[in-house]
1. It is to be established whether one or more residues within segment 190-210 are of a type in the set (Phe, Trp, Tyr), over 30 Å from VAL62 (Cβ atoms), touching a residue at least 40 places away in the same chain (Cβ under 8 Å) and in contact with a Leu (Cβ under 9 Å, 6 or more places away or on another chain).
2. Output the qualifying pairs, or none if there are none: Cβ atoms under 6 angstrom, residues six or more apart or on different chains, first residue in segment 38-57 and of a type in the set (D, E, K, R), second residue assigned to a helix (DSSP H, G or I) and crowded, with 24+ Cβ neighbours inside 10 Å.
3. Could you grab the pairs with beta carbons closer than 8 Å, sequence gap of 6+ or different chains, first residue in segment 11-23 and over 11 Å from PHE413 (Cβ atoms), second one among the aliphatic types (A, V, I, L, M) and surrounded by fewer than 16 Cβ atoms within 10 Å (Cβ to Cβ)?
4. Name the single residue, out of those in segment 313-335 being touching a helix residue (DSSP H, G or I) at 6+ places or on another chain (Cβ under 7 Å) and modelled with pLDDT of 90 or more, that is nearest to PHE169 (Cα to Cα).
5. Tell me, which helices (runs of 4 or more DSSP H) lie completely within segment 342-419 with 3 or more residues that are farther than 19 Å from VAL61 by Cα, without any contact (Cβ under 8 Å) to a residue 12 or more places away in the chain and open to solvent by 60 Å² or more (accessible area, probe 1.4 Å)?
Amino acid sequence: MQRKKPLLDPPKILVIGFAVIIFIGALLLTLPVSTKDGQGLHFLNALFTATSATCVTGLVVVDTGTTFTMFGQLVILFLIQIGGLGFMTFATLFAFLLGKRISLKERILLQESLNNLSMEGVVRLAKRILIFTAVIEMVGAFFLTIRFSFDMSLGKAIYYGIFHSISNFNNAGFDLMGEFHSLTGYVDDPTVTLTICALITLGGIGFIVMNELYEYRRSKRLSLHTKIVIMTSIFLVVFGTIGIFFLDYNNVKTLKPLSMTGKILGSLFQSVTARTAGANTISIGDMTQSSLLLLIILMFIGASPGSTGGGIKTTTFTTLIGAVWSQIRGKEDVIFYRQRIVYETIYKALTVTFSGLFLVIFVSLILTITEHGKDFLMIIFEATSAFATVGLSMGLTPDLSPFGKTLIIFTMFAGRVGPLTIAYAVTIRRNPDAFRYPKGKIMIG
């Protein structure tokens, strides 16, 4: 007798799990205790904020620091932590605390949630993730607290240090500075800039890479995945920093008034934060159009697989570049570090990129209809930021229409869970065909 296939496979569980967490968070933010005016947040705005926090995006329709009470801010912080690590990692934490054994189904879900290539050692990886997260966030909070203590009381500095450490390690970009100013007051401050950049980078390289780097002293080897992630991440940060430095060097509204150190720190921070973090130290809306286009490209590429960030991912970008370069050279195989990339990986990279590009274009098209009179660059910037779960904005988010907010909510959700995961969750996949059709030839280019 054939066993009945379970109704909920891993993609469905992940999609439903994130949706449930968002809905609970939205309900909590509508409570009077969540806002300083004692009236609670309107449900659509609460849903937007909860989605942005759980999907670690950072786009906000109301200012976090001036709108929410400590209770509301802690709800947002908890959603950020769950969204960054994945609810399955948190479920594993509770299982550890209760002494419960992790079942095979839960291991499969963990593998899917962490985007791990193998189920082997996935529970050990989950434990490491929790340890890495706790240590990195505590160290980040320590340095930020010391710096903030010069500008505010010690108690407030500790709270701000913890909040901004968790927010930026999880690549969320929420801040408590007030009036939508983000971290612009610290544009030329090395302590804040470098600490936040380190948190964003560590959260964005992926826990698999982090784990391999930790074990390198013992194994003395790095996988192809880790090598590509490190190589691509360094290239994108350097490329972005140099590009922003020169493109905005004479912009009186951004880099020009700053010292040379401030210019370098400002360029570095915007390059790093565009990789799905969302905090900013210069006014994004005042940057030159060429810099904004560069930020859109960096946002679309995003962070690395298995990380707290979004985008099509660094490995996807590098795989496509390798495929194009191999085609130009007339080579059949895509080679990195003397290893061949299998065709299935290239097809998946193409699918992820096309899906993301289609979503950004579609959302931008709809927003040009619903958001009357808004600049097109502002709209496509917003759509890309939402898809890549970045959180940077040129100022459009608070002015979005109800339909525009709903569309951005869906875009953030799709960007965090992944268009492919949603597609797998809502479609029925049949068994592979028992035969193959004859080859057909078409002309390309």
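1. yes
2. none
3. Qualifying pairs under 8 Å: ILE16/LEU8.
4. Checked segment 313-335; the qualifying residue nearest to PHE169 (Cα to Cα) is THR314.
5. Here the list reads 343-370.
The values are calculated or read from the model by the stated rules, or taken from the named source; none is laboratory data. Remember, predicted model here, so these are calculated numbers, not experimental data. Heads up, the Cβs are rebuilt from the backbone with ideal geometry, glycines too, and the neighbour counts pull from every protein chain shown. With ligands, DNA and RNA removed, areas are computed over all heavy atoms of the protein, side chains included. Shrake-Rupley method; radii C 1.70, N 1.55, O 1.52, S 1.80 Å.
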